[in-house]
Amino acid sequence: MDVPPAKEGLTLGATRELLLPATVLVCFLLYYLGHKPFGLIALCAAPMLLLYALAPYWAARSAQSFDRDAVRFLASGRPSALVPRYTIALGMRLFSPSAVSAERKAMALAENGDAEGARAAYLDSLQEYGASVPLRVMLGYAHMSFALGDDAAAIPMYKKLLLSAGTLPGVERNLAHALVRSGQELVQALPMLERAERETHDPARRLELKLIRALAHAKLGDRVLAEDLLGEAEGASGESAELLREEVRALREPVARVLV
């Protein structure tokens, strides 16, 4: 997926841009329909004009406050507090650029396991940022697409990230997994999987990477290597590992029946 062009629109939240026409309309109605004195009209308009002037400052402070609290919640193992905290960040939600508030919403949803909601919010942020999109938003969109099994969206974004930023945590590993899962560029995926396997310090992840390599070899027709890797990854457990095993075994079954 190429980075989309920036949406045509307003630089701040649309709510702020509505304040001026709303103020003019209120003043017009008070003066011409309500026949109110000018002093009262000015008194009514002043808070709206003041809010218009201070909205950028409020938006920036609100976003900074949300970011500080997000770091604190995550450090203390309380990701569930992120969504309600986002809800009450009114300055950010009302007056920040849409890309900023969408990115924070995406992060809050992703940390709470809502991959679909997070990806939709990351896509909104991508479209709002356009060509100036930060790497973290591209990374979030790619990771959520990968988590949802949408390899058609994840693969090009991961490739773009590798080209623009080099190695990032999990990018090459997930790209290789997505390529194998979708049956694309299997030969190119194998060295990436081998690197990820060497570099990981997590024994469970190392075994899962062996299973992904086994699947790649099975799809390439290298069934002996696939069998060897299945044996090496015998200790891998969990739903993901079982699904990988089943897929590797399904690829070897037709050959076994022919031999019988």
How many of the residues making up the stretch 186-197 are over 18 Å from Glu234 (Cα atoms) and loosely packed, with under 15 Cβ neighbours inside 10 Å?
3
For the stretch 171-260, please list each of the helices (runs of 4 or more DSSP H) lying entirely inside it that holds at least 2 residues being within 30 Å of the chain's Cα centre (by Cα) and outside the structural domain of Ala147 (by TED's automatic domain parsing).
171-182, 186-199, 203-220, 239-259
Only one of Ala152, Ala63, Ala131, Ala120 is touching a helix residue (DSSP H, G or I) at 6+ places or on another chain (Cβ under 6 Å) and among the aliphatic types (A, V, I, L, M), namely Ala63
The one condition in (1) under 22 Å from Glu208 (Cα atoms); (2) in contact with a Leu (Cβ under 8 Å, 6 or more places away or on another chain) that Leu135 fails to fulfil:
(1)
Those helices (runs of 4 or more DSSP H) lying entirely in the stretch 40-157 with at least 2 residues of a type in the set (D, E, K, R) and crowded, with 21+ Cβ neighbours inside 10 Å
98-111, 115-129
Pick from Ala99, Ala106: which is under 16 Å from the mean Cα position of the chain (by Cα) and at pLDDT 95 or above?
Ala106
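The values are calculated or read from the model by the stated rules, or taken from the named source; none is laboratory data. Not measured: the values here are computed from a predicted model. Positions of Cβ are backbone-derived with ideal geometry, glycine not excepted, and every protein chain shown enters the neighbour counts.
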